Every structure is written in C-alpha cells, then in structure tokens.
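The values are calculated or read from the model by the stated rules, or taken from the named source; none is laboratory data. Computed from a predicted structure; not experimentally measured. Reconstructed Cβ throughout: ideal geometry from the backbone, glycine too, with neighbour counts over all protein chains shown.
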Amino acid sequence: PAPSARGAGRYRGSVKEFPNFNASQDAEALYNAMKGFGSDKEAILDLITSRNNKQRFEISQAYKSLYGKDLIADLKRELTGKFERLIVGLMRPLAYFDAKEIKDALQGIGTDEKCLIEILASRTNQQIHNLVEAYRDAYEKELEADVLGATWSHFRKMLIVLLQGTREEDDVVSEDLVEQDAKDLLEAGESKWGTDEAQFIYILGNRSKQHLRLVFDEFLKISGKPIEQSIRGELSGDFEKLMLAVVQCIRSTPEYFAERLYKAMKGLGTKDNTLIRIMVSRSEIDMLDIREVFRTKYEKSLHSMIKDDTSGEYKKALLKLCGGDDDAAGEFFPEAAQVAYRMWELSAVAKVELRGTVRPAAVFKVDDDVKVLRKAMKGLGTDEGAIINVVTQRSNAQRQEILKTYKSHFGRDLMADLKSELSGSLAKLVLGLMMTPAQFDAKQLKKAMEGAGTDESILTEILTTRNNREIQAINEAYRAAYHKSLEDALSSDTSGHFKRILVSLALGNRDEGEEDLAQAHEDAKVVAESLKLSDVSSGDSTSLETRFLSILCTRSFPHLRRVFQEFIKMTNHDVAHTIRKHMSGDVRDAFVAIVRSVKDKPAFFADKLYDSMKGLGTDDRTLIRIMVSRVFKEMHEKSLHHMIEKDTSGDYCKALLAICGGDD
C-alpha cells in the first residue's frame, strides 16, 4: 500500500515524547540558557527539539508561573532569523502554528497562495476545525472572512469548501458513485466547451480519500489520461495549483510533502519558510513516511539534503526534527526498498512509447522548400524565420531529400550555405537538424573527443542511451565522416574501466531478448558482490569487475530491470544509489546512466535538459544536442516550452520552440 494508507495506528512522527519529563526543570534550563549576556543556543535547540508539542506547551506554562514571563517572547528576543522562526514555530500548538502561517500569508503586500494551498489541501477535517478555532482565538477574527477578502474566483471557492472541514470520512465506497463522479469530472472538463469548475470543486472538495482514489483510477480508464493531466489542461493559475495539491494529498500526503521539501531545497537558494513549515508541522504526524518517500523518489536522504543546504544552529535543529539519516549506512527503510522494487515493476510494465514532436509535413513539396531556402539566403541579409519554418517543420527523412534536391537544383551544398548565412547557437541547431541522427551523434562524439580534454559526459549520454541499430548507424557515420573507427577513437581518447565500458557499448551488440529469471538472480549476485554488498565472493576482484561490466553493458534492458529488482530483494538497497556510493568519476556516471536508461529514458533526458537551463546561464550545447536527438517528458513542474522561452532568445528561441512542439 501507499505510505499514506499504511500502518494505521502506528506512530510515524520523528519527534517522540521525552521520558521522565519535568516541565519546571525544563523551564529553568531554558531560563538559564537565556540569562545574562548572549544565550546558549545549543542548549535551547537540544531541549526544544527533543520534547514533543504537548510537553513544550507545558514548559511554556511552567515558565510563566515560575518567572512571570512569556517564553515565546523571550525566545524571540534572544534568537534571530530562520533559527528563531523555527524554534518559535515549535513552541506553538499545531493549530496555532497553522493559524499564524495563514495569518502571515494573508497579510502584507500580496497573498502567499502557496502557503494557503499547502495547509488547506493537506490537513484533515479535525485539523481544519482546530485551525479555524485557533485563528478565532488568536486574532479575534473569522478565518473564512479573511480568506474571502484576500482571494478570488474559483480559487477562493475551493479554499472556502476546504475550510469547512467536511470531507467525507467513510471508507465504504459505492461503485456506482465512483463511476458517476469519474464521468462527471470528464464531462466537466474534457467533453464540453469551457470547464464546469463547480463539479471539480464539489467532487474534489467533499468526497472521501478512499472514494477519490478509485475515482482517479476510473477516470484514467475512461479518459485514457490521469486526472492531473486533465486539471492542467482545463484549469489555470492558483486554482489549478490548488486542485493539483488536493489530488496529490489524496493520492499520498507524504509524497506531496516530500516533493515540497525537495523543491524548497534544490537549485539556487532555499525556500526556508516552506522548509520550516513542513518540518515543524509534520514532525509528529508523518515525518518517517515523508523521509521514506523522499529517499526512494530522489535517491538521497532528506537528512543529507538538509545537511548540504543549511548551516549553523538552524541546520542542527532541522536535522533533529528530521530524526535520522536514511543514507547512514546506505540503508533503505525496508518499506522504501519495497517501494523501489515496485517502481522497477512499474518501469517493466509501462511500455514507453517514444513520441517525437517533429512529424513529417503532410503536404511536402520538396521543390518549393528548396526555393524558399535559396531565396532566404540570397542577396543581402538572411531570412532566418523562413529557414526555421522549413527546417523545423519537416521530418529528418524529408530534410535529407531537401539536401539532395537543393544540390541538383542549384549545384550548391545546402549545409555550406546554411553555415555561411547563420551563426552562433541557431547555426548549430539548424545544421544539427539537417544531419541524419547517426551523423549528428557521430559529430557530437567527435567534438567530445577533440582538442584539449575530453567531454566524458557527452560520450556517456550518447553511448548509454542508443539502441543497437542506432549504435551501428553511428559507427558507419563516424567512419564515413572521419575515416577512423569509433572504437579506435574511444580507445585512444579514454582509459581504464571507463574505456572498457564505452568500447563495449560502441560495439552495439547488447542482447535483445526478454528476461531470464534464473540468470537475473545470478547476475544480481555478481552486482551485489562487485558493489561490496555481499559476503560471498566468487573469485578475484578483476574477474568480478569484468563480469559486472559485461552484465551492465551487454544484457537486454528487460533482463536488467529484473536484475535490479533481484538486487533490491537480495540487499535491501537501490542499485543506482549503491553505484553512486561505491564508485566514483566517469565509471560511476556511465553505470548510473545505464541504470537510469533502463528505468526511464525520457526522464533521464528531461533531467539533463532541466539542468542545462536552470540556474545562471544556459548550457546551449546540451540543449541543442538533446532537442535535436530526443523527446522531452515533463518532469519538473514547469513545461519545457516555458523554460526554453525564459532561457533563450531571438531566432534560436523560435527554432527551439518549434521543435519542442507546444506548451504543456
């Protein structure tokens, strides 16, 4: 079962009740830590993070009766910045903490919609009722009235529905009603002009979680797409974000928070308010489940990400709330290993249908195309728009025909003309599109090995992701263009195990059969021994390394999926994480790329594209290489179209957007 549905009745928080608790003693310890000049921050954080919320509340009361002072006010005076916000947040009962977060989100210039969405989409009925009560008590105002005053339209309506805290809680589900709701949602969006938002609000705002999970399954069955895709297509803005958060919390609240935490820390800068809010509010509810999902989904522990992303007392306090490092010995939770196993299972059944965005032009008149191109490059100046229109709207086979016809019409080499007329990134992109896929890959490999230093990441990316037929075509194109075999070039340009991996992949003779279960079990043993996760050793380490390399470079993808599952069963570890931990450098990167290609090739490329555009500056070389040769699978909240638009400009941007094929 999903983590959210598992272990009812078991405590899944990371902060536990402190044994032999004495509120007056703790109050005195805090008073002494804040007495005199400067405060003992270490003592404050140790004490507060090792008591649960109920005990902290009792400490506050004891502090007041012993010293006649307000503990929260004293902490605010003694501490500063993010650390103060975190510690003070821990001192409030959860309902009052939520109330304060929402009050801050509604106040000031502009409303913090993300905070409203996170709290109201994820809390249970009881937590919502407690929040409304706490808000009334703390601010002598009605939360509903304040939300009405600061929000608008369908977004506001859905927030008000969630604020009622009246989601059904009955686990008895009627099949007829499931079918009816799925049909109503489909008709409210996909099947009519305009969208009936009221249906989305009513069904997603009121039905029980158990019921809605079945509705989502039924919706997928009758529409052929997940409910999330329909919401993205039919709704927009904050209303869309709220509905997606509601759906995610219904599917799995821990997964929703794991993703929020990851996004709060990845990339440049940390979203500290989000980080604090989640670590405080979930530490006594489902932090262990969140950690487990995080570890499985992002292949690193929450603990290690907090450690890398924060500093000082703030970091120490957050790590105490996290409650443990799931990477400590490279260990998975047993539950996380099961999830990882299931993910390999899913990757085996999900037949990834690779879908390109550039299709053959329906009406293709090659004579007209070559005239348009010649005219665009004749005389003074160049009509880049006309070139982009032709090149990006034709399939590769049609472009090859254009090359031949251009030569027979004008006695000129189209590639040479394009090269002299275009410049910079646009020239590289257009020339790349005019080559066959094999010629393009061969050129990229050649460039990666030219000049001072080799770009190992390009060699890895191309050779680990192409199939046998593609590799054989690359070999032929390489020899034709550079009068040397690809194998010789790789041998003279790389060394050691990395060379052996690349040369093995460049032979293009990976098995193409289905899995062999008995063999997969044996192979998993070899992988476990090679990665030092098995006590049984079958021979010297050199032959072990050779067998490991041979398994990853020559077994078929379906077979490797089964090997990696057997590996999890055998060791309770995930193979990619273990390779990262036990290997280094180019060898590690090549093996991880193979594992990721086996699991989900489009996702591997999506991550590379995302990395090429996030942060400062754009890695145009990677962007062009993947856009010319691949397909993009949406993985990163933003669409690829949106990122290209933001990150590039001019005709280069136009050409990339044309290949991208639309905004998701």
Please list, ordered by residue number, the helices (runs of 4 or more DSSP H) wholly in region 412-471 having 3 or more residues that are in contact with a Leu (Cβ under 7 Å, 6 or more places away or on another chain). 414-421, 424-434, 456-465
Does GLN398 qualify as being farther than 23 Å from SER423 by Cα and of a type in the set (S, T, N, Q)? yes
Can you confirm whether PRO226 is surrounded by fewer than 16 Cβ atoms within 10 Å (Cβ to Cβ) and at negative phi? yes
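One line per residue, one yes/no per condition, for (1) buried (at least 21 other Cβ atoms within 10 Å of the Cβ); (2) on the phi > 0 side of the Ramachandran plot; (3) modelled with pLDDT of 95 or more:
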| site | (1), (2), (3) |
| --- | --- |
| LEU373 | yes, no, yes |
| GLY381 | no, yes, no |
| SER395 | no, no, no |
| GLU401 | no, no, yes |
| SER420 | no, no, no |
| MET449 | no, no, no |
Quick check on region 253-273: of everything there that is among the small types (Gly, Ala, Ser) and surrounded by fewer than 20 Cβ atoms within 10 Å (Cβ to Cβ), which residue is nearest to the chain's Cα centre (by Cα)? GLY267
When residues of region 252-276 are filtered for being in a helix (DSSP H, G or I), closer than 20 Å to LYS297 by Cβ and either touching a helix residue (DSSP H, G or I) at 6+ places or on another chain (Cβ under 7 Å) or modelled with pLDDT of 95 or more (or both), how many remain? 15
Consider VAL575 against the criteria (1) among the β-branched types (Val, Ile, Thr); (2) buried (at least 20 other Cβ atoms within 10 Å of the Cβ); (3) in contact with a Ser or Thr (Cβ under 9 Å, 6 or more places away or on another chain): it satisfies all of them except one. Which criterion is unmet? (3)
I need a count of the residues in region 463-521 that are of a type in the set (S, T, N, Q) and in contact with a Ser or Thr (Cβ under 6 Å, 6 or more places away or on another chain). 2
Residues satisfying the stated conditions in region 472-509, i.e. assigned to a loop (DSSP other than H, G, I, E, B) and of a type in the set (A, V, I, L, M, F, W, C): LEU507
Restricting the search to region 573-587, which residues are within 18 Å of GLU292 (Cβ to Cβ) and among the polar types (S, T, N, Q)? THR578
Residue in region 395-411 that is hydroxyl-bearing (Ser, Thr, Tyr), without any contact (Cβ under 8 Å) to a residue 24 or more places away in the chain and part of a loop (DSSP other than H, G, I, E, B) present: no
Could you identify the single residue in ARG136, ARG92 that is at pLDDT 95 or above, loosely packed, with under 15 Cβ neighbours inside 10 Å and more than 30 Å from LEU220 (Cβ to Cβ)? ARG136
Residue check, GLU512 against (1) closer than 23 Å to THR546 by Cβ; (2) charged (D, E, K, R); (3) part of a helix (DSSP H, G or I), all met but one. Which one? (3)
Please go through region 404-418 and give me each residue that is buried (at least 16 other Cβ atoms within 10 Å of the Cβ) and within 24 Å of LEU657 (Cα to Cα), ordered by number. LEU414, ASP417, LEU418
Members of region 209-224 that are of a type outside the set (D, E, K, R), part of a helix (DSSP H, G or I) and free of Cβ contacts under 8 Å to residues at least 24 places away in the same chain: LEU220
Note on LYS35: of the conditions (1) assigned to a helix (DSSP H, G or I); (2) at pLDDT below 95, unmet is (1)
Identify, by number, the condition in (1) surrounded by fewer than 15 Cβ atoms within 10 Å (Cβ to Cβ); (2) in contact (Cβ under 8 Å) with a residue 24 or more places away in the chain that LEU502 doesn't meet. (1)
Going by what's in this entry, would ILE109 be described as of a type in the set (Val, Ile, Thr) and either touching a strand residue (DSSP E or B) at 6+ places or on another chain (Cβ under 6 Å) or not in a helix (DSSP H, G or I) (or both)? yes
Checking the condition of a type in the set (S, T, N, Q) and surrounded by fewer than 20 Cβ atoms within 10 Å (Cβ to Cβ), which residue from THR49, THR80 passes? THR80
Picked from region 605-654 (must be of a type in the set (Phe, Trp, Tyr) and outside any loop (DSSP other than H, G, I, E, B)), the residue modelled with the highest pLDDT is TYR652
